[in-house]
1. By average Cβ neighbour count within 10 Å, what is the ranking of 96-102, 232-238 from highest down?
2. By its C-alpha gyration tensor, with a ≥ b ≥ c as the square roots of the eigenvalues, how is segment 89-159 shaped: rounded for a/c under 1.5, else prolate for a/b larger than b/c, else oblate?
3. Could you work out how far the C-alpha centroid of segment 38-67 sits from that of segment 93-171, in angstrom?
4. Order these peptides, 47-59, 110-122, 83-95, by their mean beta-carbon neighbour count within 10 angstrom, highest first.
5. What spacing in nm lies between the two simple spin-label points modelled at residue 238 and residue 81, each 7 Å away from Cα in the Cβ direction?
6. With each label point set 7 Å from Cα along the Cα-Cβ vector, what nm distance links residue 117 and residue 191?
7. Quick check on segment 14-141: take the gyration tensor over C-alpha atoms, sort the square-rooted eigenvalues as a ≥ b ≥ c, and tell me if it's rounded (a/c under 1.5), prolate or oblate.
């Protein structure tokens, strides 16, 4: 998901779009230094076989994403170049949305997601905000073309920070590149010393997907993030119910009916 809030006719018009425009298959090593384990920390929430939002593992079993994504328990978090061939995956056990989130572009667009198992990935911690003019590495599973839905691959994009506010910052790439649906909740990454950290998560932006985008600043919610992680560590949420294979019961029932009919017919023939 990717949310653009705009005033239209006196109403709040939420326009949902899709894509990373102009992305690359690998991160830019001049901007960010990631190990393969770090890269696997960035994954997609999948529903019906397709990614609908992006998130980042920031602590064991805990993923940071956007509140407006509406992630629910039981859904899958999958990481890797392609979600159809995920390198690591887990199901959602619990979701906590920031208590101050009020929808739209109201701020505090954060959600924490607790997974039912460990991932073979190294968490990327939250870091301090970027500076205006700094280049950040972003990533997401949104579309690469607005006219072609169904992207299942992770794409990377370097973007320039143009302004920093207390709860968010904005990026822009001169009308050439941008984020959209499927990229929401995805990270903006930067180096702090020799460590890669999450400095932002995709929240809202330009409906054309090639203008200014806004990232929520997780450093503005560190107390809430730390408190929620501690609460889950003290009392881990129960895992979701096992996934039932669709149609198995129906097939077994059909076979049983077929067997019964066959026995009846066989008996009639012998009679």
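1. Numbers: 96-102: 15.9, 232-238: 12.4.
My ranking of the peptides, most packed first, is 96-102, 232-238.
2. Values: a/c = 1.30, a/b = 1.08, b/c = 1.21.
Rounded shape, in that the Cα axes give a/c under 1.5.
3. What the calculation gives is 9 Å, centre to centre.
4. 47-59, 110-122, 83-95
5. In this crude spin-label approximation the distance works out to 4.1 nm.
6. Spacing of the two 7 Å Cα→Cβ label points: 3.5 nm.
7. Values: a/c = 1.34, a/b = 1.06, b/c = 1.26.
Note, shape of segment 14-141 comes out rounded.
Values quoted throughout were computed directly from the atomic coordinates according to the rules given, and no laboratory measurement underlies them. Everything quoted here is computed from the prediction, not taken from an experiment. Neighbour counts run over all protein chains shown; Cβ positions are idealised from the backbone, glycine included.
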